[in-house]
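Asks: The structure under discussion is supplied below as structure tokens; questions concerning it will follow.
The values are calculated or read from the model by the stated rules, or taken from the named source; none is laboratory data. Because the structure is predicted, anything quoted here is derived from the model rather than measured. So basically every Cβ, Gly included, is an ideal-geometry build from the backbone, and we count neighbours across all protein chains shown.
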Amino acid sequence: MTTEELFTRLGLADEQFGSRCSSATWERTTQAGVIESQNPSTGLALARVHGCSDKDYDVLVTDLQRTQRSWRTVPAPKRGEVIRRIGQALREQKEVLGRLVALEVGKIHAEGAGEVQEMIDMADFAVGLSRMLYGKTMHSERVQHRMYEQWHPLGVVGVITAFNFPVAVWAWNAFIAAVTGNTVLWKPSPKAPLCAVAIQHLCNRVLEEAGYPGVFGLVTTDRVELAERMVADQRLPLISFTGSVAVGRHVGEVVGRRLGRSLLELSGNNAIIVDETADLELATSAIVFGAVGTAGQRCTSTRRLIVQEAQFDKLMPRLLAAYAQVTIGDPLEPHVLMGPLIDAAAVAQYRSALDTVTRAGGEVLYGGRVLSRPGFFVEPTIVRAQNHWEIVQQETFAPILYVMTYRTLDEAIEMQNAVPQGLSSALFTTHLRRSEAFLSAAGSDCGIANINIGTSGAEIGGAFGGEKNTGGGREAGSDAWKAYMRRQTTTINWGTELPLAQGITFGGAEGGHHGASC
Ligand code: NAD
């Protein structure tokens, strides 16, 4: 399929507008900057997207507020039906959308399609959830009183996403936010504007056909001032932010100052521990997928490998042989396993991390070179390193795997936890006690802890997110929906007396008079 055919299928053009609520309110400003979408496999431009002006931003938020006032009164299962229809449209477009993800951010096509599948899974989950927004009932301590809690929508939810999951992360947030009665304002990464425009087109069509236009809004911009404005905007009660620790920390501070809610999904520095009883075939496949998949540009990518010292000489030849099989190239070619990094800055960071680690005494065991061809290709790289080195403590968003050894599991868990981030972790073992120790309160300190599964590739059914500098947010499955709603505790007195809580008497008569206890 040519790029022209792909664009036609997805309603894209060489030049387009990047901000809208529904197709009826496309913003048409050409004065707020142009974002060039770039193909990282060639370094060449794919298309131009006009950014959003401050004025258009205000119109969008006002539209979303107005739409939310009626959307919140639509019964949740009916809201779920709208998301079901979006899920159906995504199924129909899975192949082409997967290709667009591959084209714009350089994921191999299988991973691009997998990302769209994740959106479909999220839509299915949200449909079910729309009938399961349960509140608890409590037994009141007062006669003829009933207590329960109910959940209401927040309003307009702001969603800011990173480049590396240009469509799925939006779906994690948007589908749950929508079935819980919110409208959504999405600010995608300026490194992946076409993916966002294509998704907005698809949603506009379905929402209009379903009779609910304008539930999802898009603001495309590369102006930090406008992103800052969105974060500080009192009209957005929740900002869900996915990205780096540096930006996320700032977002958390700004939203905290206005006492809004933030949901932070930030960087990881994920480790796989391989013990002396591990199935090395399983471990090798998981390490390669975790460290090389998406060219190391997943928040859950495997960045550290902590190997029991007796296993080192058995595991490394397997791993090096597996790395030698990795084909690098155009992510749309079927045999290719690793595409490019996102841009020249990412290549510079890869280079700089390798310079730093080798200066610190690191030994490159595999790879280490930038490929001399158009686009932003590097070799998947393995470096023997020490956990405490500053560069190892950081997340470098590239396919660099730091390898280190340990003697006892306690030591391995301590190393695994001794980084500022706390997203994903894994232990390969066939030893029951070690597995349980790793999963216990004294084990991994991460939001995700796996046994005999690598660090990357989470299912949507669980709540996704991490601790420490990863930000503490949870998205997608389980009860993550609660972050998109406000809890209301309700007590109903169906009797003829007014007893006070805690048995308080007020004004002389026991439990008899008007009053409140709080
Ligand atoms: P980034 O922090 O550079 O950008 C993320 C988003 O923030 C982009 O949309 C960007 O335009 C926006 N932004 C930039 N400055 C801003 C500001 N001052 N105010 C508000 N928004 C601003 O991250 P990136 O390079 O796009 O993505 C890679 C990072 O994202 C990695 O650290 C990765 O680990 C992390 N990530 C985390 C998760 C997770 O779920 N934990 C998932 C994907 C990516």
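Asks: Checking PHE125 against (1) assigned to a helix (DSSP H, G or I); (2) hydrophobic (A, V, I, L, M, F, W, C); (3) within 16 Å of the ligand (Cβ to nearest atom), only one condition comes out false. Which one?
Replies: Result: PHE125 passes all but (3).
Asks: Looking for whichever is within 21 Å of VAL419 (Cβ to Cβ), at pLDDT 95 or above and more than 10 Å from the ligand (Cβ to nearest atom) here; the options are ILE272, ILE328. Which one fits?
Replies: ILE272
Asks: Checking SER262 against (1) within 16 Å of the ligand (Cβ to nearest atom); (2) outside any helix (DSSP H, G or I); (3) over 16 Å from the mean Cα position of the chain (by Cα): exactly one of these is not met. Which one?
Replies: Of (1) within 16 Å of the ligand (Cβ to nearest atom); (2) outside any helix (DSSP H, G or I); (3) over 16 Å from the mean Cα position of the chain (by Cα), only one is false for SER262: (3).
Asks: Sticking with this one: Residues being among the hydrophobic types (A, V, I, L, M, F, W, C) and within 20 Å of TRP172 (Cα to Cα): count how many of those fall in the stretch 248-296.
Replies: Qualifying residue count for the region: 4.
Asks: Same structure, new question: One residue is enough: does the stretch 383-399 have a residue meeting the conditions within 16 Å of the ligand (Cβ to nearest atom), modelled with pLDDT of 95 or more and assigned to a strand (DSSP E or B)?
Replies: There is no residue in the stretch 383-399 that is within 16 Å of the ligand (Cβ to nearest atom), modelled with pLDDT of 95 or more and assigned to a strand (DSSP E or B).
Asks: Among the candidates ALA113, ALA45, ALA32, single out the residue that is under 19 Å from the mean Cα position of the chain (by Cα) and either farther than 25 Å from ALA210 by Cβ or touching a residue at least 12 places away in the same chain (Cβ under 8 Å) (or both).
Replies: ALA113
Asks: Would you kindly identify the strands (runs of 3 or more DSSP E) lying entirely within the stretch 1-54 that contain at least 3 residues that are in contact with a helix residue (DSSP H, G or I) (Cβ under 9 Å, 6 or more places away or on another chain)?
Replies: So the answer is 34-39, 44-50.
Asks: Would you check if there is a residue in the stretch 419-438 being among the aliphatic types (A, V, I, L, M) and touching a Phe, Trp or Tyr at 6+ places or on another chain (Cβ under 6 Å)?
Replies: The answer is yes; a qualifying residue exists.
Asks: Condition first: assigned to a strand (DSSP E or B) and in the same structural domain as VAL347 (by TED's automatic domain parsing). Can you find one or more residues in the stretch 278-301 that meet it?
Replies: no
Asks: Any idea how many residues of the stretch 135-174 are of a type outside the set (Val, Ile, Thr) and either without any contact (Cβ under 8 Å) to a residue 12 or more places away in the chain or under 15 Å from TRP186 (Cα atoms) (or both)?
Replies: 14
Asks: So, in the stretch 290-327, how many residues would count as being of a type outside the set (Ser, Thr, Tyr) and surrounded by 20 or more Cβ atoms within 10 Å (Cβ to Cβ)?
Replies: 17
Asks: Residue under question is TYR402, and the condition is that it be part of a helix (DSSP H, G or I), at pLDDT 95 or above and of a type in the set (Ser, Thr, Tyr); does it hold?
Replies: No: the conditions fail for TYR402.
Asks: Moving to a separate point now. In this structure, is GLY503 surrounded by fewer than 12 Cβ atoms within 10 Å (Cβ to Cβ) and not hydrophobic (A, V, I, L, M, F, W, C)?
Replies: Here the answer is yes, as GLY503 does meet what is asked.
Asks: For ASN452, which of the numbered conditions (1) on the phi > 0 side of the Ramachandran plot; (2) within 14 Å of the ligand (Cβ to nearest atom) fails to hold?
Replies: In the conditions (1) on the phi > 0 side of the Ramachandran plot; (2) within 14 Å of the ligand (Cβ to nearest atom), ASN452 misses (2) alone.
Asks: Suppose the filter is surrounded by 15 or more Cβ atoms within 10 Å (Cβ to Cβ), within 16 Å of the ligand (Cβ to nearest atom), closer than 25 Å to TYR148 by Cβ and modelled with pLDDT of 95 or more; does ALA463 pass it?
Replies: When the stated conditions are applied, ALA463 passes them.
Asks: Keeping to the stretch 132-160, report how many residues are more than 33 Å from the chain's Cα centre (by Cα) and small (Gly, Ala, Ser).
Replies: Within the stretch 132-160, residues that are more than 33 Å from the chain's Cα centre (by Cα) and small (Gly, Ala, Ser) number 1.
Asks: Within the set of pairs 6+ apart or on separate chains, which have a first residue in the stretch 457-486 that is without any contact (Cβ under 8 Å) to a residue 60 or more places away in the chain, a second that is among the charged types (D, E, K, R) and assigned to a strand (DSSP E or B), and C-beta atoms under 9 Å apart?
Replies: Every condition considered, the pairs that remain are ALA463/GLU475.
Asks: Could you check the stretch 425-466 and list, in sequence order, the residues that are within 17 Å of the chain's Cα centre (by Cα) and over 23 Å from GLU281 (Cβ atoms)?
Replies: CYS446, GLY447, ILE460, GLY461, GLY462, ALA463, PHE464, GLY465, GLY466
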